[in-house]
Every structure is written in structure tokens, then in C-alpha cells.
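Taking it in order: structure first as C-alpha cells, then the write-up.
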């Protein structure tokens, strides 16, 4: 296994740096080749998030979440909750333990731990926690599409601050209700809360 990146183009294809930098010394492919397709993709995205220059960390985490949800959907759809493990099950489990022990508390370690236990709830929780943390670290967006919030923007205007937020009383979803424009400092009310109510499944049930 290679742990360094050479200038050889074939090496960048065979052993990409973002897949072989883990402190455990395990390369991504060594573990995911033993997993079902959806789990293999999810682990791949978590493994590389923040390391691959062409992708954003948030996109990697959301991709992992999508593949996890799709695997859960697949098992429900085809009643595969008692699907027999692959013959190499013991191999990936040993490698997963090695990864977890070398980097405890990381998103990858938490996800693999949940995968070892077969807990979809904990897989989703590990990803949601990482997504929330990453979103908070990024801070409020500097540019938002005005039409998404029912506010018409003029050329040169952009949102610099979310000036207020509220929770949907029915589903507890966060709704932006006031936005501050960077051009003149004015604060505008948003129609997003109303739009949410029109789409909220809980609201439809209450009507």
C-alpha cells in the first residue's frame, strides 16, 4: 500500500492522496471493496471529505448521507434486513476496527462504528452532526438568491446576515424570516416561512 503521492499519473489514479492519508495506514479501497455498493460509496465520501480539492466537504457529506438513505430504502423495498453478510465480512470488520482505533471520535470512525453495529440511526446521526458543524463553521452565506426568499434583489445587493429565524411550530424546521442586505444595511422580511407552511407535510395533516 502506498501512503505517498508521486508525480506518476498512474499513481494518482491507482492511489489518490485523498484515499491513502488516513492515520490507520488503511487505504480506502482496502475496506470498501468488501462492502455493498451504497455503503462503499458512503464510506468513500466520508473518507475523502475535506481532502479532495475538486469537491467541497459539505457536498461529500451530503453524498454520503444520500447513499446511506438509499441503502436503507433498498433494504426496506426488497425486505433485505436479514441479507447474509459477504464471505469477506470478517476482513472489512477488522479493517474498520483499525480505522476507528486510530482516529476515535472522527466522523469516519463514528460512521464505521454504526455500520459495524448495523445502526442506520447512528449512521445518519454521525453525518448530520458533521454537516451541522461544517455549516456552522462556514457562517451565514454571503450571497443568496433573492427569489428563494421572496425578496427581489437589485444589482449589487447581497445578503450578509441572517437577521432572524424561527421554528415551524409543526415540524420544528428552521425558517429564515428576516434577512439583512449588505448594500444598504436594510432588513427585509422573508416569505420563506409562509412558503414552508404551504409545503410542510405536518401542516397539510393539520389542515
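Matching residues to (1) under 21 Å from residue 37 (Cβ atoms); (2) modelled with pLDDT of 95 or more:
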site	(1), (2)
68	yes, yes
81	yes, no
84	yes, no
89	yes, no
96	yes, yes
102	no, yes
107	yes, yes
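Name every residue in segment 37-50 that is buried (at least 17 other Cβ atoms within 10 Å of the Cβ) and in a loop (DSSP other than H, G, I, E, B), in order of residue number.
If the condition is that a residue be buried (at least 17 other Cβ atoms within 10 Å of the Cβ) and in a loop (DSSP other than H, G, I, E, B), then 49 is the only one that fits.
List the pairs whose first member sits in segment 46-67 and is farther than 12 Å from residue 107 by Cβ, whose second member is surrounded by fewer than 20 Cβ atoms within 10 Å (Cβ to Cβ) and modelled with pLDDT of 90 or more, and whose Cβ atoms are under 6 Å apart, counting only residues at least 6 apart or on separate chains?
Between residues of segment 46-67 that are farther than 12 Å from residue 107 by Cβ and residues that are surrounded by fewer than 20 Cβ atoms within 10 Å (Cβ to Cβ) and modelled with pLDDT of 90 or more, the close pairs are 67/38; 67/41.
The values are calculated or read from the model by the stated rules, or taken from the named source; none is laboratory data. Just so it is clear, the model here is predicted, and its values are computed rather than measured. Cβ atoms come from the backbone with ideal geometry, glycine included; neighbour counts cover every protein chain shown.
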